[in-house]
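Below is one structure, written out as structure tokens; the observations come after it.
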Amino acid sequence: MTPHPTTDTAHAPTAPPPGVHPPDPFSALVRVDIGAATHKGLVRENNEDCFLAGRVDRAMHLFATNLPPGDVPTDFGEAAYGMLVADGLGGRAAGEVASRTAIGTMLNLVLHTPAWIMRVGEREADQLLDRITDRFKRAGLVLSQMAEDDPALAGMGTTLTTASSVGEELFVGHVGDTRAYLLRGGSLIRLTRDHTYAQELADQGFIRPDQVAGHRLRHVLTRALGRQGGQVKVDVIRVGLQTGDQVLLCTDGLTDMVSDDGIKAGLTAAGSAQAAADALVAAALAGGGKDNVTAVVARYTFPEGY
């Protein structure tokens, strides 16, 4: 029998929330400890390295509603993190101009993007990789135009390596020989491949891989932002992150002075990301400090149950 509707609505049950529920704010629950350090080294007169590290947020705060408690969240947020390291090339101050301009351009391109991707599926991952490539190329065009307009900047360029994370997803963009590493457990994994003539010789079998580090062409770049305009080829990769992972971006002022084992030891022994970055730069200086040196470190901790 169908019950008759009651005319007393004072104690009528609250209707359940609609079928579309708030998304899981997973990215905002990820803890990321970031530290950075740079030094001009013991030989160079100026520092042509530039770096940037930051967090972007999408957030909602509810001021007022007459919806029943629990229907919608009163606060909601999602977060993403980004790190960029560049090593400028060129005479006089041109290298500093190139690295500074490249990083500033990349950030401003992000800020001009109307739709930030703060949750990642397969389609969004592909979009992010495409965006990284496009931003690198546009930054390269900016540098090429500056060099064309100002003879004092002729021939300038820069390496650039970027790492951005959304939740458990890491996206890396890379041109040059500024490196990205992942420390997972006891293993130090290089995420990037140097774009140098020495590395090309090794890839083609003309020299052994262990000869690259000491080869006379190890610092001669085959790719640099600004040198090929918007035609530069950009390496982009996607990596899944785990709790305890450390990501390092660093210039060759570190990798020329400190071995992979030394880098791993510096990352492992430090109590914080900032302490790790400081320790790595100090190790490069202790090893001779023959170039500018920069290290940016991020440590990831994910909430239990995810």
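Using bins of 10 Å that start at zero, the share of Cα-Cα pairs per bin across the chain amounts to 6, 24, 30, 20, 8, 5, 3, 2, 1, 0, in whole %. Among 272-282, 41-51, sorting by the average number of other beta carbon atoms lying within 10 angstrom of each residue, highest first, gives 272-282, 41-51.
Label-to-label distance for Thr74 and Arg193 is 5.4 nm, based on points extended 7 Å past Cα in the beta-carbon direction. Of Ala273, Val232, His195, whose Cα points farthest to the positive end of the dipole of region 141-297 (charges on the beta-carbon: +1 Lys, Arg; -1 Asp, Glu; origin at the Cα centre)? Towards the positive end, the residue furthest out is His195. Summary of the geometry: region 175-235 and region 280-306, compared by the centres of their Cα atoms, lie 19 Å apart. Working ranking of peptides 182-188, 105-111, 253-259 by packing, defined as the average number of other Cβ atoms within 10 Å per residue, highest first, is 253-259, 105-111, 182-188. Here the contact order of the chain, divided by its residue count and restricted to Cα pairs under 8 Å and six or more residues apart, works out to 25 percent.
Regarding region 98-235, what is the average projected area of its C-alpha convex hull, in nm²?
Result: 10.4 nm².
Order of 129-136, 203-210, 234-241, 52-59 by packing, highest average Cβ count within 10 Å first? Spell out each step's value before the answer.
Working: 129-136: 17.9, 203-210: 10.2, 234-241: 16.4, 52-59: 14.2.
Ranked from most to least packed, the peptides come out as 129-136, 234-241, 52-59, 203-210.
Paramagnetic label reach from Glu124 (point 7 Å along Cα→Cβ; backbone nitrogen cut-off under 13 Å): within region 147-171, residues 165-170.
Bear in mind these aren't lab numbers, they're just calculated from the coordinates by the rules spelled out. As the structure is a computational prediction, the values presented were derived from the model and not from experiment. Here Cβ is always computed from backbone atoms with ideal geometry, including for glycine, and neighbour counts include all displayed protein chains.
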